[in-house]
Structures are given as C-alpha cells and as structure tokens.
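Heads up: the structure comes next, in structure tokens.
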Amino acid sequence: MKTGKLIVFSAPSGSGKTTLVNYLLEQNLTLGFSVSATSRKPRGKEENGKDYYFLNKDTFREKIKENAFVEYEEVYNGSFYGTLKSELERIWRTGKHILFDIDVKGGLNIKAQYPEKTFAVFVKPPSIKELEKRLRDRGTENEYKIQQRLNKSAAELKFSKDFDAVLINDDLNKAKEEVQRLVEKFLFS
Ligand code: ADP
Ligand code: 5GP
C-alpha cells in the first residue's frame, strides 16, 4: 500500500486543537481524520465512527491484547483512548494523509514509530488561566473533569519541546493561518 504522511496535533485539553484540526479538514489538503477508539461515553452530539469508536472497557482491553492499536493511553483515570492500526490503513487506502487529535504521549509515540513522515504540532494556550476559561466556557465537562484536565496540563506543557512545531493559539484567526502555512509546508515542500 502507498502510504501518506502523518500530522499529529497534541495539546492540553481546552487549548483549541479540535478547533484547528476541524479547520484544516475543511481546507483542500487531502487529509483524513484518524478516528480514535475510546472507552469513555459519548459527549453531546458525538457520533460513533465519526468522532470516536466508542468501545466498552472490556472490548477495549480485548483489542489491546490482540495488538490492534498503534498506540493507546489511559489518558484520564479509567478512560482509555487509542489509535487502531485498521484506522491508519483505512485512511491510507483512500490516498489521504492522516490527521491526529491525540494526547501528548500518544502523539510522540506516533512520531517515534513513523519518524520520517510525521509532523507533530503542539498547540499551546496563551496561559493556564485562559485554558481554564476555555474549558469552562466550552461547558462539556463537570467541575471534577475540568480539574482533572487542568492538573494534567502542566506536565503536558513540558513535552512541547519534543514536537516539530509549537503553535500558540491566542488569536484564533492568526492560529488558523499559521497552522495552514505549517501543514502546507510539510506536505508540499
Ligand atoms: P481541545 O480540542 O484542545 O480540547 P477545543 O478545540 O475544544 O480544544 O477548544 C476549547 C474551547 O476553546 C472551545 O470552546 C473553542 O471554541 C474555544 N477556542 C478555541 N480556540 C480559541 C481561541 N483562539 N480563542 C478563544 N477560544 C478558543
Ligand atoms: P476528549 O475526552 O476531550 O475527547 O479527549 C481527551 C484526550 O484524549 C485529548 O487530549 C485527546 O487528544 C486524547 N485522545 C483522543 N484520541 C486519542 C488516541 O487515540 N490516543 C491517545 N493517546 N490520546 C487520544
């Protein structure tokens, strides 16, 4: 199979990586979104097979045993997330490059496995205060989960130096322009 390139977006939760990933998917860049598997429950309007493959914990564990994942992490206590090997094959079969929205460890894991053809972007919030505000304004998590995500962010920020690019998502329009420029450069030059 002729395989495409991999573009990874990682960031503390609330930084805006999903917003930027969705923006990129709307541009004409032949990108396919890697739908991850997760053991967490669907949130809001999330759809199985589009936002995630929602698996129960037992099925997720079976897939780990079968070696079906390229990478997986217990991102939050009790919630597993992972990239299925079959997902990479599905996207490459369509002739597209793969776009990932995954946690920091998972992102670096993908880069370690495909060092030559991965571009890993770390999306950084302008400050922890702003990160907290975005998480609260998004209104998708309860207070416990917001704290869980904020607590994790300091450790995640330390990994930014291991990424190919660090994008500060302050002004959203500027961040969109910058992300498009970076990705086009990686894909076409
Ligand atoms: P992540 O995927 O990193 O958890 P999201 O893309 O869901 O983050 O963004 C978190 C929240 O912040 C969303 O409500 C989103 O609309 C908002 N947001 C994203 N980028 C910006 C920005 N540059 N300025 C203000 N709000 C933003
Ligand atoms: P959420 O629950 O907000 O959708 O995602 C929580 C975190 O899990 C985010 O940081 C997201 O990027 C990460 N994540 C989503 N899919 C994967 C995956 O396949 N592997 C890993 N390692 N992390 C993932």
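How much net charge surrounds Asp162 when only the other residues with a Cβ under 14 Å from the Cβ of Asp162 are counted, with Lys and Arg +1 and Asp and Glu -1? Let's see the in-between values first.
On the way: positive: Lys105, Lys111, Lys124, Lys158, Lys161; negative: Asp103, Glu156, Asp164.
Here the charged neighbours net out to +2.
Convert each backbone phi in segment 48-62 into a coupling constant with the Karplus relation 6.51 cos²θ - 1.76 cosθ + 1.60 (shift: θ = phi - 60°), then list the ³J(HN,Hα) values in order as whole Hz, x for Gly and Pro.
5, x, 10, 8, 8, 9, 7, 10, 7, 4, 5, 5, 4, 5, 4
Between Asp137 and Asn151, with labels modelled 7 Å along Cα→Cβ, what's the label distance in nm to one decimal, could you check?
2.6 nm
Is the shape of segment 1-87 best called rounded, prolate or oblate, per the rule: a/c under 1.5 gives rounded, else a/b larger than b/c gives prolate, else oblate, with a ≥ b ≥ c the square roots of the Cα gyration tensor eigenvalues? Intermediate results must be reported in sequence, preceding the final value.
Working: a/c = 1.86, a/b = 1.29, b/c = 1.45.
Because a/c hits 1.5 or more and a/b fails to exceed b/c, segment 1-87 counts as oblate.
Considering the chain, what Rg and Dmax in Å follow from its alpha-carbon atoms?
For the chain, the Cα radius of gyration and maximum Cα-Cα distance read 15.9, 46 Å.
Using 0.36 nm per residue of separation minus the Cα-Cα distance, give me the extension gain between Asn173 and Lys57 in nm, one decimal. Write down the numbers at each step before the final one.
Numbers: separation 116, 0.36 × 116 = 41.76 nm, distance 3.87 nm.
Length difference between fully extended and current span is 37.9 nm.
Suppose we keep just the DSSP beta bridges with both residues in the chain; what percent of those would be antiparallel, to 5? Can you show the working numbers first?
Working: 8 of 28 bridges.
Around 30 percent of the beta bridges assigned by DSSP in the chain are antiparallel ones.
What percent does the relative contact order of the chain come to when contacts are Cα pairs within less than 8 Å and at least six residues apart?
Numbers: 291 pairs, mean separation 61.2, N = 189.
The value is 32 percent.
Enumerate by residue number the GluC sites (Glu not before Pro) in segment 80-179 meeting two conditions: DSSP loop (anything except H, G, I, E, B), and at most 15 other Cβ atoms within 10 Å of the site's Cβ.
Details: sites: Glu87, Glu89, Glu116, Glu130, Glu132, Glu141, Glu143, Glu156, Glu177, Glu178; in loops: Glu141.
Qualifying residues, ordered by number: none.
Convert each backbone phi in segment 4-21 into a coupling constant with the Karplus relation 6.51 cos²θ - 1.76 cosθ + 1.60 (shift: θ = phi - 60°), then list the ³J(HN,Hα) values in order as whole Hz, x for Gly and Pro.
In residue order, the calculated couplings are x, 8, 10, 10, 9, 10, 10, 4, x, 4, x, 6, x, 5, 4, 4, 6, 5 Hz.
Laboratory data are not the source of any read-out in this text; all were calculated from the coordinates shown. The model shown is predicted, which means the values in this text are computed figures rather than measured ones. All Cβ positions, even for glycine, are placed from backbone atoms using ideal geometry, and neighbour counts span all protein chains on display.
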